[in-house]
Each structure stands twice: as structure tokens, then as C-alpha cells.
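To start, the structure under review is shown below, and the notes come after it.
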Amino acid sequence: MMKYRFLTISILCSVLTVGAADVVARNHNTDPDVYFLQEGDLPNSLELLPGPPSSESVQFLYDRARYDWGKSLRNTERGEQAFQDARLSGSGVPRAFSEAFGITITEKETPEIYRLIVGMREDAGDLSTRDAKEHYNRQRPYSFLR
């Protein structure tokens, strides 16, 4: 269920971003060189996403088990692909979209597509989740393992 909510929110944010590609409004929360949208233009993640599971819940233990499973794959081909897919900074997201577009997306060769994807990354990855992250301030399962 959570997987489908995340997918739905991701698609929604992508659609909103594409539809607002020409928006260049400034306020204290966003920079139009980085974001397409303003903070209030996105759905409120605090209203859409469920709260995190408590550290004593079965769901939390499941999260930890999935982390352990993923960690066991780190030195495999699948682990390398997951690592590459999770690279959200720099050109990681444009590189991930390059295969789907059938071209290499770079700031120099495809500047508009690059800007669109980087802006979408910021809108969907920061603005759309900011309220829930700040409200819950969840400690991740892997932080207990140290």
C-alpha cells in the first residue's frame, strides 16, 4: 500500500513539475534556479503520508529487515544498480532518466531536459516531502545498527 502511495505522489509531483516548468516565482522558501514550484504549490505531504511506525511495531521491524536484506546485496550486481539508482545528487537523476529517454542527458548536451529533471528532483524530493520530514523527524532503522 505504501509503495502505491509513494508511486502516486511521485507521478503527481512529476505532472505538477512538467505543467509548471515555466513558473519562475521567488519566495523565501524556493529558488527558481533550483525549483519550479513554490512550497505551497505542492500537496502537503503531512496530510498525504502516514506517520512512521513506532520503534516497537512490526512495521518498524519489517523496515529494519528490509534494510538488512538490502545491505546483504551491496557487493552484488543488483546492489551496484541500486546504488546507482539512489544517486540523487549531481547528475545521478538525469543519468537514471537517460535510458528511458534513449539519449544521454547532460547539462551541456540537453540543457532543457536536464533542467526539467533536476527541478523535478528538487520539487518531488524536497518540497513535496518537507512538511512530513520536519514533523515526524523519524529515526531510520539503520541508525540503530551502529
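Things worth noting here:
- Extension gain, R130 back to E56 (0.36 nm per residue minus Cα-Cα distance, nm): 24.1 nm
- Gyration tensor (alpha-carbon) shape descriptor, region 32-146, a/c threshold 1.5: oblate
- Karplus 3J(HN,Hα) series, Hz, for region 51-64 with 6.51 cos²θ - 1.76 cosθ + 1.60 (x for Gly, Pro): x, x, x, 6, 5, 9, 8, 5, 4, 5, 4, 5, 4, 5
Quick note: the coordinates plus some simple rules give every number you see, no bench work behind them. Computed from a predicted model, the values in this text were never measured in an experiment.
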